[in-house]
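Note sheet for the following structure.
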Amino acid sequence: MPVRSGLLGTNRRANGSEQVTYAGYPLYRFVGDRKPGQTKGEGSEAFGAGWDVLSPAGKKIEADG
């Protein structure tokens, strides 16, 4: 399933910069992911919040366990 362009957006952050979003969720890139499809950051709680992978439909994909 391809990414849906209608789910892309932006939010203004507290410091005035823009944050890219998908289905309303802020997007981040995990530094440990080196190849397309890698999700090594899934489930991490670094920086004070849980990280979840998003499906192309914009739904959270949470690790089992």
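The values are calculated or read from the model by the stated rules, or taken from the named source; none is laboratory data. These numbers come from a predicted model, not from an experiment. Ideal geometry is used to build each Cβ from the backbone, glycine not excepted, and the neighbour counts take in all protein chains shown. Surface accessibility is based on the protein's heavy atoms, side chains included, excluding ligands, DNA and RNA. Shrake-Rupley method; radii C 1.70, N 1.55, O 1.52, S 1.80 Å.
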Legend entry - Selection from the stretch 14-30 of residues that are open to solvent by 100 Å² or more (accessible area, probe 1.4 Å) and not in a loop (DSSP other than H, G, I, E, B): GLU18
Inset, instruction - Within the stretch 11-65, track down each residue that is more than 22 Å from MET1 (Cβ to Cβ), hydroxyl-bearing (Ser, Thr, Tyr) and at pLDDT below 90. - result: SER44
Legend entry - Residues of the stretch 31-50 that turn out to be in a loop (DSSP other than H, G, I, E, B) and open to solvent by 60 Å² or more (accessible area, probe 1.4 Å), as a count: 8
